[in-house]
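Structure first, commentary second.
The values are calculated or read from the model by the stated rules, or taken from the named source; none is laboratory data. Nothing here was measured: the structure is a model prediction, and the numbers come from that model. No Cβ is skipped: glycine too gets one built from the backbone with ideal geometry, and neighbour counts run over all protein chains shown.
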Amino acid sequence: MAHQQGSGRGLLDYTIEDLTHVWTETNDRDRQIVEEIAFGIHSPAYESGPYSTEDEGGVMQFRGVVFELHAGASSGRAENSCL
């Protein structure tokens, strides 16, 4: 966080080293989570669940567009489209 001093300069209460440490730790944890998810998806026991209509509406819409384009391509009706 920056605090104003009388001269107009900001006084920072963090260092680049602190920010780098937080970023590195966050990035490492995010990578670990993604790797664990990828490992789990490839498990024979994995069963996908439904998308959340509250949180994943955009994903559902995108999948619908891709499905429609794919269905059109399969039937020979595909137009030059861009996602």
Exercise for review: Report, by residue number, each residue of region 25-45 that is modelled with pLDDT of 95 or more and either of a type in the set (Asp, Glu) or assigned to a loop (DSSP other than H, G, I, E, B) (or both).
Suggested key: 25, 28, 30, 35, 36
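Restricting to region 17-33, name every residue that is polar (S, T, N, Q) and under 18 Å from the mean Cα position of the chain (by Cα).
Let us first name the residues in region 17-33 that are polar (S, T, N, Q), namely 20, 24, 26-27, 32.
Hits for region 17-33 are 24, 26, 27, 32.
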Review point. Would you call residue 48 surrounded by 10 or more Cβ atoms within 10 Å (Cβ to Cβ), modelled with pLDDT under 95 and either part of a loop (DSSP other than H, G, I, E, B) or in contact with a strand residue (DSSP E or B) (Cβ under 7 Å, 6 or more places away or on another chain) (or both)?
Key: no
